Amino acid sequence: MPANDHLIIFDTTLRDGEQSPGATMTKAEKLRIARILEKLRVDVIEAGFAIASQGDFEAVKSIAESIRESTVCSLARALDKDIDRAAEAIRAAERGRIHTFIATSPIHMQYKLQMQPDDVVEQAVRSVKRARSHVDDVEFSCEDAGRSELDFLCRIIEAAIKAGATTINIPDTVGYAIPEQFGETIRQLLNRVPNADKAVFSVHCHNDLGLAVANSLAAVSSGARQVECTINGLGERAGNASLEELVMAVRTRQDLYTIDTRVDAQHIVPASRLVSTITGFPVQPNKAIVGANAFAHESGIHQDGVLKHRETYEIMRAQDVGWHTNSLVLGKHSGRNAFRSRLLELGIQFETETELNEAFTRFKALADLKHEIFDEDLQAIASDTRQKEEDGRYGLVTMQVCSETGVIPRARLTLLVDGREHKVEAEGSGPVDATFKAIESLVDSGCNLQLYSVNNITSGTDAQGEVTVRLERGGRIVNGIGADTDIIIASAKAYIEALNLISRGGVRQHPQGADV
Ligand code: KIV
Ligand code: ZN
């Protein structure tokens, strides 16, 4: 294996993470996440699957044009058309990588690919060579390696390295592996593949048994030098290995790992928040590193211990991963410059002065209601402003909701549809139900409401509520998010945003579909 001075962090939030049902992101949202990943100093950003749709292609391309410090990668099946499209999307990157893959397990080769093992090897070799004709940095993945035969893995990996692959990725695609066994597989591959020293070995673990991080760490102990992961562990089904857990495990236990990552951990919590806000997937309070309770001590004995000597109960410092103990930042007297520079510190940059002005007006309105404005409030204002700026068929003009004991709740709204105002009203079992029914009385979207959730962005009854609405239509799932100090208004905004996302339509190919 080439000498590596650090563990390579390959972030796939924008590709595998986006494969979570409902986690579809717009190009602008992906770019914001890519920027914070660059600040985190991740080595490789897998920006998407360029051939999936025109939108995916544009997103990968704009990330390749904007990101300078991290390698930008596009996924491609082992097909000429995928590889050429990936190459086109990453052309402007300072450092670009093509990541091509084909399934190697007996079950995938027989039923999904319907190909003989010899043909799979041939196709892998052809694809790696084609990718190398575009770029020097080529990653080859053996999909479903976790259930593949070791002898076959050795054979296809040797051939892929000979064809020019510089990184070999071993995915546990279905989350089937167990740490001891997975670590042993990596050890065997490194020992048995004759040219293993010519490539970096990587792992990509899914969390179906809750073992993605443990399996990745076992692989690192066996010599893997790249780990693939996502912010908040987002990803297909139960998700991928979580970046924050991997990075902090390796850093906290430097007594066990001889290697560290280049990640600037101070950006971990802001990155987690950003991904959660954009995707609408809340972070559970007891989630390691980034959950609200990760550094909170409830028991009196623990509190007493921490006050006497922090390390009695804490193995990491909250501020080292980006938790600010006192994140009160601005108030109603703060001016535009203070507002702009705090946003910049949070990695939020508006494309236009109009957007900044709009956000500042919202900030002032919120400061009148709430007095104390926290970083989380600013992030919600920024994301709400951007949503408004993006073209949508539907918009909220005004609303009025009546909720009184013994009276059926009623909602009256003025909605904007394709630029024209419409008045609607409906009754419901509660104010939120009445609001959604009023919207549907006009729109008649045919969507199924799959999820409705409310989180308060900061603490206190004057906090902004952040509402997520997940809608499904014809198998397509979207998440709309709305924030407001009034949770009924936040709910209406979230519902309308979800309708806008559904109405944008568009068909995307799934990378792991059968058509190789
Ligand atoms: O889980 C998986 O096998 C993947 C590959 C495309 C790397 O996501
Ligand atoms: Zn995956």
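Miscellaneous remarks
- Computed extension gain for Glu122 through Asp264, at 0.36 nm per residue and net of the alpha carbon distance, reaches 47.0 nm.
- Accessible area per residue in Å² at 1.4 Å probe, computed on region 334-433: 54
- FRET efficiency for Ile178 and Lys81, using Cβ-Cβ distance with R0 set to 41 Å, rounded to 0.05: 0.65
- Length released on extending from Arg310 to Glu404, taking residue separation times 0.36 nm less the Cα-Cα span: 28.9 nm
- Annotation: average projected area of the chain is 25.8 square nanometres, based on the convex hull of Cα atoms across all directions.
- Take Arg412: with every protein chain present and a 1.4 Å probe, its accessible area is about 100 Å².
- Student exercise, the chain dipole from Lys, Arg, Asp, Glu Cβ charges, in Debye to nearest 20: 560
- Size descriptors for region 395-505, from the alpha-carbon set: Rg then Dmax equal 13.6, 41 Å.
- Cα-based Rg / Dmax (Å) for region 17-84: 11.7, 33
- Computed over region 241-367, relative contact order equals 19 percent, with contacts defined as Cα pairs under 8 Å that lie 6+ residues apart.
- Solvent-accessible area per residue for region 1-132 (1.4 angstrom probe, square angstrom): 35
- Using the Cβ-Cβ distance between Lys129 and Ser221 with R0 set to 35 Å, the FRET efficiency works out to roughly 0.60.
- Largest to smallest accessible area among Leu344, Leu369 [probe 1.4 Å]: Leu369, Leu344
- Whole-Hz couplings from phi, Karplus 6.51/-1.76/1.60, listed for region 406-417; x for Gly and Pro: x, 10, 5, x, 9, 10, 10, 10, 10, 10, 9, 10
- Spatial separation of Cα centroids for region 222-245 and region 61-91, in angstrom: 21
- Charged neighbours of Gly55, selected by a Cβ distance under 12 Å, balance to +1 (K, R count +1; D, E count -1).
- Simple spin-label estimate for Val454 and Glu427 gives 2.2 nm between the two label positions (7 Å along the Cα-to-Cβ direction from each Cα).
- Euclidean distance between Cα centres, region 463-479 to region 168-215, Å: 35
- The slack between Arg187 and Leu256, meaning 0.36 nm per residue of separation minus the straight C-alpha distance, is 23.1 nm.
- When its C-alpha radius of gyration is set against 2.2 N^0.38 Å (N residues), region 308-445 gives a value of 1.43.
- Computed [θ] at 222 nm, helices only, for the chain once each DSSP H run of length n ≥ 4 contributes -39500 (n - 2.57): -12000 deg cm²/dmol
- Reduced Cα scattering model of region 155-292, Debye log10 I(q)/I(0), q = 0.10, 0.20 Å⁻¹: -0.35, -1.18
- Global size of region 197-240: 10.9, 33 Å for Rg and Dmax (C-alpha atoms, Rg to one decimal, Dmax whole).
- Kirkwood-based Rg to Rh ratio, region 1-157, C-alpha trace: 0.98
- The residues of region 176-251 expose, per residue, 32 Å² of accessible area to a 1.4 Å probe.
- Rolling a 1.4 angstrom probe over the chain with all protein chains present gives an accessible area of which 49% lies on carbon and sulfur atoms.
- Relative protection proxy for 119-127, 95-103, 360-368, 414-422, from highest mean packing down: 95-103, 119-127, 360-368, 414-422 (other beta-carbon atoms within 10 angstrom).
- Pairs beyond 31 Å (Cα-Cα), from Lys30/Lys423; Lys39/Lys112; Lys287/Lys370; Lys287/Lys308: Lys30/Lys423; Lys39/Lys112
- Sequence ranges 450-457, 154-161, ranked by mean other-Cβ count within 10 angstrom, highest first: 154-161, 450-457
- Helical segments meeting 15 Å axial Cα length and Kyte-Doolittle 0.0 threshold in the chain (DSSP H): 150-163, 268-279, 431-443, 487-504
- Translational diffusion coefficient of region 331-382 (Stokes-Einstein, Kirkwood radius from Cα pairs, 37 °C, 0.692 mPa s): 303 µm²/s.
The values are calculated or read from the model by the stated rules, or taken from the named source; none is laboratory data. This structure is a prediction, so every number in the text was calculated from the model and none was measured. Note that each Cβ is placed from the backbone with ideal geometry, even for glycine, and that neighbours are counted across all protein chains shown. When the accessible area is computed, the model is the full protein with side chains, heavy atoms only, and any ligands, DNA or RNA have been set aside. Shrake-Rupley method; radii C 1.70, N 1.55, O 1.52, S 1.80 Å.
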